[in-house]
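A short write-up of the structure that comes next.
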Amino acid sequence: MSSLSQGIHNAICIGIIYIGTQPSIYKGLPKVTLIWEVYENDNSKLFSRDYTYSYHEKAILRLHLESWRGRPFTKDELAKFKLRNILGVPCKLEIKKNSKNYKQVENVFRFPANEQAPQRKSGLIYFDIADETTYSFIPSIPPYIVEKIKNSPEYKSSRLCKINE
């Protein structure tokens, strides 16, 4: 994943993975991982970012979603918003190195209406540990994300954990 160059790339959201509560500096927080198929030099690569699952006005997830939409959410829109609706939606991703010298999604921008959107090559993935109907997507989830899921207390108390014992 880190072979992607810094800069702005065409991308499509291909995955939304609710990875459960993950340890953080402050306390355990619910997290969601977004996966994009990113296009560079006629090749596609997968790139992901973990977000605290929050729509608070200062939450990075909300800021990225609003940038992607091209406008802020109204109170009504936010109350009705389903994260699942961004699956398959094209965008522009800004990839930059962070303070630890790792590449990350710095921002997500609306895909310009006057440009041809890329054609998705990957299948769509939607996984929610609280929704057993989504467990069939587990084989499609990259292993490093599955490990995060397995470290969550939600996984450890789920039917999914009992199936894999």
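The values are calculated or read from the model by the stated rules, or taken from the named source; none is laboratory data. These numbers were taken from a predicted model, which means no experiment stands behind them. Every residue, glycine as well, gets a Cβ built from its backbone with ideal geometry; the counts of neighbours run over all protein chains shown.
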Checklist entry - Does any residue of the stretch 82-90 turn out to be more than 26 Å from residue 149 (Cβ to Cβ) and in contact (Cβ under 8 Å) with a residue 24 or more places away in the chain? => result yes
Checklist entry - Going by the conditions given, is residue 60 among the β-branched types (Val, Ile, Thr), over 16 Å from the mean Cα position of the chain (by Cα) and over 15 Å from residue 88 (Cα atoms)? => result no
Checklist entry - Any idea how many residues of the stretch 123-134 are loosely packed, with under 15 Cβ neighbours inside 10 Å and modelled with pLDDT of 95 or more? => result 1
Checklist outcome for this item: Of those in the stretch 84-96 that are under 16 Å from residue 48 (Cβ atoms) and not in a loop (DSSP other than H, G, I, E, B), the residue farthest from the chain's Cα centre (by Cα) is 96
Checklist outcome for this item: Restricted to the stretch 116-154 and to residues being in a loop (DSSP other than H, G, I, E, B) and without any contact (Cβ under 8 Å) to a residue 12 or more places away in the chain, the residue nearest to residue 35 (Cα to Cα) is 119
Next on the checklist: Just to be sure before I move on: is residue 28 surrounded by fewer than 17 Cβ atoms within 10 Å (Cβ to Cβ), in contact with an Asp or Glu (Cβ under 8 Å, 6 or more places away or on another chain) and of a type outside the set (Ser, Thr, Tyr) in the structure I sent?
Outcome noted: no
Checklist entry - Being in contact (Cβ under 8 Å) with a residue 24 or more places away in the chain, crowded, with 20+ Cβ neighbours inside 10 Å and farther than 30 Å from residue 114 by Cβ, is that true of even one residue in the stretch 3-18? => result yes
Checklist entry - Looking at this structure, is residue 74 polar (S, T, N, Q), under 24 Å from residue 55 (Cβ atoms) and surrounded by 16 or more Cβ atoms within 10 Å (Cβ to Cβ)? => result no
Checklist entry - If you check residue 122 against the conditions, is it under 16 Å from residue 46 (Cα atoms), in contact with a Ser or Thr (Cβ under 8 Å, 6 or more places away or on another chain) and not aromatic (Phe, Trp, Tyr)? => result yes
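For every residue, the table says whether it meets (1) of a type in the set (Val, Ile, Thr); (2) at negative phi; (3) in a strand (DSSP E or B).
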| position | (1), (2), (3) |
| --- | --- |
| 4 | no, yes, no |
| 16 | yes, yes, yes |
| 19 | yes, yes, yes |
| 24 | no, yes, no |
| 30 | no, yes, yes |
| 34 | no, yes, yes |
| 37 | no, yes, yes |
| 44 | no, yes, yes |
| 49 | no, yes, yes |
Checklist outcome for this item: For residue 108, the lone unmet condition from (1) touching a Ser or Thr at 6+ places or on another chain (Cβ under 7 Å); (2) buried (at least 17 other Cβ atoms within 10 Å of the Cβ); (3) under 23 Å from residue 143 (Cβ atoms) is (3)
